[in-house]
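**Student:** Please read through the structure below; I'll follow up with questions.
The values are calculated or read from the model by the stated rules, or taken from the named source; none is laboratory data. Keep in mind that this is a model prediction, so the values were computed, not measured. Heads up, the Cβs are rebuilt from the backbone with ideal geometry, glycines too, and the neighbour counts pull from every protein chain shown. Accessible surface is based on the protein model in full, side chains and every heavy atom, while ligands, DNA and RNA are left aside. Shrake-Rupley method; radii C 1.70, N 1.55, O 1.52, S 1.80 Å.
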Amino acid sequence: MSIEDMKRISDAEAEAVSIRKQAQVDARKIAEQGKRDAQDVVDKARQSAAAAYQEAIRQAEAEAETAYEARLAEVAGECETMKADAAARLPEAVKVITGKVVNSSVDS
């Protein structure tokens, strides 16, 4: 084997070591970029989930408010009906009470 052949082999080995080192550096950079990209995806997913959660809460609160108002109106209507019924029976109640008072004072 000649000196030139040995030099080429040595140069090739040195180049292989250099290529291997550069490949390791490149692999680290790619892995780090992959981690950053993955973290960005996670952050965006969290933001999206938080926004969806807030929207769901807002919708639920709006629906609850609507249901509350509807039930309140229903109960108010029932109260008005009971009030009207009571007002309609008021003259009869006055007669009954007045009759009892008059009868009890006559009996005494």
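**Student:** Within 15 Å, Cβ to Cβ, of Met1, how many net charges do the neighbouring residues add up to if Lys/Arg are +1 and Asp/Glu are -1?
**Tutor:** Neighbourhood net charge equals -2.
**Student:** Taking the Cα of Glu63, stepping 7 Å toward and past its beta carbon, and measuring to each backbone N in region 28-48: which are under 20 Å?
**Tutor:** none
**Student:** Something else now. Which one, Ala16, Ala52, Val94, projects farthest toward the positive side of the charge dipole computed for the chain from Cβ point charges (K/R +1, D/E -1)?
**Tutor:** Looking along the dipole axis, the top candidate is Ala16.
**Student:** On a full-extension model of 0.36 nm per residue, what is the gain between Met1 and Ala38, subtracting their alpha-carbon distance, rounded to one decimal in nm?
**Tutor:** Full extension of this stretch gives 8.1 nm more.
**Student:** With labels modelled as points extended 7 Å from the Cα through the Cβ direction, what inter-label distance (nm, one decimal) is found for Arg71 paired with Asp11?
**Tutor:** 8.9 nm
**Student:** So how much slack lies between Tyr53 and Arg28, counting 0.36 nm per residue of separation and subtracting their Cα-Cα distance, in nm?
**Tutor:** Once the chain is fully extended between Tyr53 and Arg28, it gains 5.3 nm.
**Student:** How large is the charge dipole for region 4-68, taken about the Cα centre, if only the Cβ atoms of Lys, Arg (+1) and Asp, Glu (-1) carry charge, to the nearest 20 debye?
**Tutor:** The dipole magnitude comes to about 240 debye.
**Student:** Sorted from largest down, what three extents in whole angstroms do the Cα atoms of the chain have along their principal axes?
**Tutor:** 148, 25, 13
**Student:** A follow-up question, please. When the accessible area of the chain is split by element with a 1.4 Å probe, what percent falls to carbon and sulfur?
**Tutor:** 61 percent
**Student:** If I fit a long axis through the Cα atoms of helix 3-107 and take the longest principal axis of the Cα atoms of the chain, what angle between them do I get, 0 to 90°, rounded to 10?
**Tutor:** 0 degrees
**Student:** Let me ask something else about it. What whole-number value in Å² describes the accessible area per residue of the chain for a 1.4 Å probe?
**Tutor:** Here the residues of the chain average 89 Å² of exposed surface.
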